[in-house]
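Beneath this line is the structure, given in structure tokens, with notes to follow.
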Amino acid sequence: MADRLQATVDGGGTAVLRQVLTGMGGVGKTQLAADYAHTAWDDGGLDVLVWVTASAQSPVVTGYAQAAIELCRADPDDPEQAARSFLAWLTPKAGQRPCRWLIVLDDVAEPADLIVNPDDPHNRFSLWPPASPYGRTLVTTRRRDAALTGEGRRLVEVGLFTEAEAVAYLTTSLAAHRRDEPADQLTALSRELGYLPLALSQAAAYLIDSGETAAAYRDLLADRVTELTDLAPDALPDEQAVPLAAAWSLSIDRADTLRPVGLARPMLHLAALLDANGIPQEVLTGEAARAHLAAHRTATGPNPTVEPALVSRPDAVRALRALNKLSLIDHTPTTPHHAVRVHQLIQRATRDSLTPRVLDQLGRTAADALLAAWPDIEPDVHLAQSLRANTTALVNHVGEEALFRSAAHQVLYRAGRSMRDVGQVSTARDHFAQLADAAHRYLGPDHIDTFIARHHAATTQGQAGDPAGAVNGLKDVLQDLLKIQSPEHPETLRVRYFLAYWQGQAGNTDASLAAFPMLVDDFKRIFGPRHPDTLTARGDFATTQADAGDVAAALASLVGLLDDMVRVFGPHHPYTLTHRQNVAAIKGQAGDVAGAAAAFVELLDDMVQALGLNHPRTLKVRMNVATGRGLLGDAHAAVAAFTELLDDMLRVLGPDHPDTLATRSKLAIWRDHARGLGR
């Protein structure tokens, strides 16, 4: 099949530039695509290779945007525009050196996902890579829609094994472990497994690990098929579902006998609810996951022994290795953010073995595990992206209602804040708007979580560039909230706070200044003087004073507040780091250039340690440090710092980001100063 694919691609010429591998789940489409991509790269036939998991529109846009950031310095704050830039970059241009590229779109679930904004003629665009004599596109999908053909696209059917191929596969796999089974038994086993490569691989792994004969395995398989047919003949995917589920059932039984005994099954139950394309190991080995393993350990054998109640982290890892050994998952610890991959058919068969009640409870357990693995700050953008993808997969697998039992699960809010923190504020705004709708639907309009989601939706609207819209939205939330809660209820206080803040951002400084003193007093009385919300409100009140022109009063308040922040949180906490940045900036506004410069230098060391050298917030501080060097009289040092910073700004933020433009401007200014000093 690999040879056929190679011949199809090579023989297509410029008329057929897009190959679509189609076939049912488990036949090896992704493996064929990976083989082709590796071969093309290793042969030196490519300059650019991009692999995108295309199970939904969002990961395609994100994958293209990441490529655009790395290849053509696109703006990371606007993923859709970055995706457009990448597609434009792929388009061949007269006079430029040809770029040989291959784009793999793996596991396209809906062909319509490859069209963005289909109903908006002004913003509609296709995610199909452009036609180019130097480029190739390879798609894998279970679909055979007409939308996947035409426009230089060719469908390549990937079918089941033939009987001879299936028997050859089993024979070769067993021979590698010095096993020899009668050909008639392997032929019968292949037939009973429907010649599905995925089911055959599980059967081979079981035979090798257990030492059972093919005849004995067939007897076990027949019992399981009968049971599953009686229980759920139509619930499993594809015509191969029953033999696959039967093979899965035998494999999971075997995995449960491996040490640590009884943990493989509850581990697979958890993994079946998350992202098939990659689950961070910490999610499946953290405290929440280990509590689930301990509570649901499988009793095995005729006289199962009582195992210790607690499950250690090494035992959780060993449970993953047991599943990997039986080909139920792929466990690659060297890629911790995507350490566990599970075929979607195995996930589906696993979920279909659970009752609705168990599935519902397990969904909240998986949400707990994701939330526990999510850091307060996100220096690792790849981990954050994986956690967001796993949250989306969880909602898709268990249904959003499962995460709204009596209250909205906090992982839903955390995913939205993560989108906001990496600059995807428009996506975060839409996420919170959908979350507010869901809370209204499942919890009712007066539930506190509905109000929390609404106020997040309004504040992210402001962060997306619409402060006036944020003010209007927060006024509506406050009006409705006051009908059922007092002005001093914690959520009412927070909405009042955000309203005051966004009034200031929208230009209504008088309203903001009038609201903040009473707010700060209420926060102190209700939450206490050391609560994070109290300290944040004090800080924003001071910066509003500075914006209004009272820099001296603002600086006095901020310096006093900084002492409280350090006492309560320590010097390296995110709250403290943000506040230290505000203090340094206002010191400069007040005319203390040396003090501001020293504060920014000290802050930079801590920011690098906490967030890394190229985090957007660290880049901002580096800009202030470079400015300070120039203002203190060392123009040449300022030029050197801004030159280095500009390279990092272009790579991380892109050429059109406001901070990049400001850095370019400041570099030009300090180069002028340096030249003047040399004359």
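The values are calculated or read from the model by the stated rules, or taken from the named source; none is laboratory data. None of the values given here were measured: they were computed from a predicted structure. Cβ atoms come from the backbone with ideal geometry, glycine included; neighbour counts cover every protein chain shown.
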Filter the range 252-288 down to residues that are in a helix (DSSP H, G or I) and more than 30 Å from the chain's Cα centre (by Cα) and give me whichever is surrounded by the most Cβ atoms within 10 Å (Cβ to Cβ).
ASP256
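What number of residues in the range 511-558 are of a type outside the set (Gly, Ala, Ser), closer than 20 Å to HIS573 by Cα and either in contact with a Phe, Trp or Tyr (Cβ under 9 Å, 6 or more places away or on another chain) or not in a helix (DSSP H, G or I) (or both)? Reasoning before the result, please.
Of all residues in the range 511-558, those of a type outside the set (Gly, Ala, Ser) come to 513, 516-527, 529-536, 538, 540-541, 543-545, 547, 550-551, 555, 558.
Those left that are additionally closer than 20 Å to HIS573 by Cα: 527, 529-536, 538, 540, 543, 558.
From the residues that got through so far, the ones that are either in contact with a Phe, Trp or Tyr (Cβ under 9 Å, 6 or more places away or on another chain) or not in a helix (DSSP H, G or I) (or both) too are 529-536, 538, 540.
Of the residues in the range 511-558, 10 are of a type outside the set (Gly, Ala, Ser), closer than 20 Å to HIS573 by Cα and either in contact with a Phe, Trp or Tyr (Cβ under 9 Å, 6 or more places away or on another chain) or not in a helix (DSSP H, G or I) (or both).
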Return the residues of the range 21-53 that are of a type in the set (A, V, I, L, M) and at pLDDT 90 or above; say none if nothing qualifies.
LEU21, LEU32, ALA33, ALA34, ALA37, ALA40, LEU46, VAL48, LEU49, VAL50, VAL52
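What are the residues in the range 570-588 that are surrounded by fewer than 17 Cβ atoms within 10 Å (Cβ to Cβ), without any contact (Cβ under 8 Å) to a residue 60 or more places away in the chain and either touching a Phe, Trp or Tyr at 6+ places or on another chain (Cβ under 6 Å) or closer than 30 Å to PRO76 by Cα (or both), if any?
Here is the first cut: in the range 570-588, the ones surrounded by fewer than 17 Cβ atoms within 10 Å (Cβ to Cβ) are 570-572, 574-575, 578.
Keeping just the survivors that are without any contact (Cβ under 8 Å) to a residue 60 or more places away in the chain gives 570-572, 575, 578.
Scanning the range 570-588 gives PRO571, HIS572, TYR575, THR578.
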Scan the range 598-627 for residues that are over 31 Å from the mean Cα position of the chain (by Cα), buried (at least 17 other Cβ atoms within 10 Å of the Cβ) and free of Cβ contacts under 8 Å to residues at least 40 places away in the same chain and jot them down.
ALA599, PHE600, VAL625, THR627
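Just to be sure before I move on: is ASP522 modelled with pLDDT of 90 or more, in contact with a helix residue (DSSP H, G or I) (Cβ under 8 Å, 6 or more places away or on another chain), charged (D, E, K, R) and not assigned by TED's automatic domain parsing to the domain that holds ASP449 in the structure I sent?
Working: modelled with pLDDT of 90 or more: yes; in contact with a helix residue (DSSP H, G or I) (Cβ under 8 Å, 6 or more places away or on another chain): yes; charged (D, E, K, R): yes; not assigned by TED's automatic domain parsing to the domain that holds ASP449: yes.
So ASP522 fits the description; yes.
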Flag if ALA393 is under 12 Å from the mean Cα position of the chain (by Cα), more than 30 Å from MET607 (Cβ to Cβ) and not assigned by TED's automatic domain parsing to the domain that holds PHE451:
yes
Which of the residues belonging to the range 461-510 are within 31 Å of the chain's Cα centre (by Cα), of a type in the set (A, V, I, L, M, F, W, C) and assigned to a helix (DSSP H, G or I)?
ALA468, ALA470, VAL471, LEU474, VAL477, VAL495, PHE498, LEU499, TRP502
Can you find a residue in the range 365-377 that is under 30 Å from PRO197 (Cα atoms) and touching a residue at least 12 places away in the same chain (Cβ under 8 Å)?
yes
Name the pairs whose Cβ atoms lie under 7 Å apart, with the first residue in the range 649-677 and outside the structural domain of ALA74 (by TED's automatic domain parsing) and acidic (Asp, Glu), the second at pLDDT below 90 and surrounded by 14 or more Cβ atoms within 10 Å (Cβ to Cβ), and 6 or more positions between them or separate chains?
ASP656/ASP75; ASP659/LEU619; ASP659/LYS620; ASP659/MET649; ASP659/LEU653
Options VAL9, VAL60; residue that is under 12 Å from ARG136 (Cβ atoms) and β-branched (Val, Ile, Thr):
VAL9
Can you find even one residue in the range 362-382 that is in contact with a Gly (Cβ under 9 Å, 6 or more places away or on another chain) and more than 23 Å from ALA294 (Cα to Cα)?
yes
Can you tell me which of GLN66, GLN81 is within 21 Å of SER386 (Cβ to Cβ) and within 27 Å of the chain's Cα centre (by Cα)?
GLN66
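For the range 67-95, enumerate the residues that are of a type in the set (S, T, N, Q) and surrounded by fewer than 19 Cβ atoms within 10 Å (Cβ to Cβ). Break it down stepwise before answering.
If we filter the range 67-95 for residues that are of a type in the set (S, T, N, Q), which is where we start, we get 81, 85, 91.
GLN81, THR91 - these are the residues of the range 67-95 that are of a type in the set (S, T, N, Q) and surrounded by fewer than 19 Cβ atoms within 10 Å (Cβ to Cβ).
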Anything in the range 158-198 that is surrounded by 20 or more Cβ atoms within 10 Å (Cβ to Cβ), within 15 Å of ALA214 (Cβ to Cβ) and out of contact with any Phe, Trp or Tyr (no Cβ under 8 Å at 6 or more places or on another chain)? List them, or say none.
VAL167, LEU170, LEU186, LEU193
Can you tell me how many residues within the range 244-274 are at pLDDT 95 or above and of a type in the set (D, E, K, R)?
1
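If we scan the range 47-55, do we find a residue that is of a type outside the set (Val, Ile, Thr) and more than 23 Å from ASP113 (Cβ to Cβ)? Reasoning before the result, please.
The first filter runs over the range 47-55 and keeps only residues of a type outside the set (Val, Ile, Thr), leaving 47, 49, 51, 54-55.
Narrowing the set further to residues that are more than 23 Å from ASP113 (Cβ to Cβ) leaves 47.
Yes, because at least one residue in the range 47-55 is of a type outside the set (Val, Ile, Thr) and more than 23 Å from ASP113 (Cβ to Cβ).
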What are the pairs with Cβ atoms under 9 angstrom where one residue, in the range 541-569, is surrounded by fewer than 18 Cβ atoms within 10 Å (Cβ to Cβ) and the other, located anywhere, is of a type in the set (Asp, Glu)? Sequence gap at least six, or different chains.
ALA548/ASP510
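Table: residues versus (1) assigned to a helix (DSSP H, G or I); (2) crowded, with 18+ Cβ neighbours inside 10 Å; (3) basic (Lys, Arg).
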position	(1), (2), (3)
LEU293	yes, yes, no
ARG297	no, yes, yes
PRO314	yes, no, no
LEU323	yes, yes, no
THR350	yes, yes, no
VAL358	yes, no, no
ALA367	yes, yes, no
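Regarding LEU102, is this residue assigned to a strand (DSSP E or B) and not β-branched (Val, Ile, Thr)?
Yes; evaluated as a whole, the condition is true for this residue.
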Counting only residues in the range 132-154 that are modelled with pLDDT under 85 and of a type in the set (A, V, I, L, M), the one surrounded by the most Cβ atoms within 10 Å (Cβ to Cβ) is identified as LEU148
Reported set for the range 200-215 where residues are of a type outside the set (Gly, Ala, Ser) and crowded, with 20+ Cβ neighbours inside 10 Å is LEU200, GLN202, TYR206, LEU207
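In this structure, is THR53 under 30 Å from PHE161 (Cα atoms) and buried (at least 19 other Cβ atoms within 10 Å of the Cβ)? Write out each step before concluding.
Values: under 30 Å from PHE161 (Cα atoms): yes; buried (at least 19 other Cβ atoms within 10 Å of the Cβ): yes.
Yes, satisfied.
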Of VAL411, VAL422, which residue is at pLDDT below 95 and on the phi < 0 side of the Ramachandran plot?
VAL422
